[in-house]
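In what follows, a structure is listed as structure tokens, so that the remarks can point back to it.
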Amino acid sequence: MREFVTLSSWQVKTPLDALLLSLLCVALVFSVLIIISFVMMLMNKIRALDVKEPVIMKDGTEVDDDMMAAILVATIDYRKEKKEDVKVISCKLIEQDEPKKGSKRGGK
């Protein structure tokens, strides 16, 4: 039967044996570090592919995270109300202006 050589069974009798054993251990550590660095490099490339493209409405307004959240909440609410599948085709940004004179909100 074949015997496997392990580091604990290595017979260190001369300084040259000790030097070879330490070089083997250093090479093992560096090979593990190289493998870890390659894995990290691949993970960074995968993460770089996950960059979102900005969503731009027809009027040129860029949709930020708050606007996207509002659109999603409105879509979910509409779907719960109508009980059917929904597809958002467009959205419109409504600017909040000051209330007009004579309106019920804040009117004088």
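The values are calculated or read from the model by the stated rules, or taken from the named source; none is laboratory data. Note that the structure is predicted; figures quoted are calculated from it, not measured. Heads up: the accessible areas ignore ligands, DNA and RNA and are worked out on the full protein's heavy atoms, side chains in. Shrake-Rupley method; radii C 1.70, N 1.55, O 1.52, S 1.80 Å.
Details
- What the phi angles of segment 68-83 give under the Karplus curve with 6.51, -1.76 and 1.60, with θ = phi - 60°, is a coupling list of 5, 5, 5, 5, 5, 5, 5, 5, 5, 5, 5, 5, 5, 6, 8, 6 Hz, glycine and proline written as x.
- Going by accessible surface with a 1.4 Å probe and the largest first, Asp17, Asp65 read Asp65, Asp17.
- Pairs with C-alpha atoms separated by more than 32 Å, drawn from the list Lys52/Lys92; Lys45/Lys92; Lys58/Lys83; Lys45/Lys80, are Lys45/Lys92; Lys45/Lys80.
- At 0.692 mPa s and 37 °C, Stokes D of segment 30-99 from Kirkwood alpha-carbon radius, µm² per second: 202
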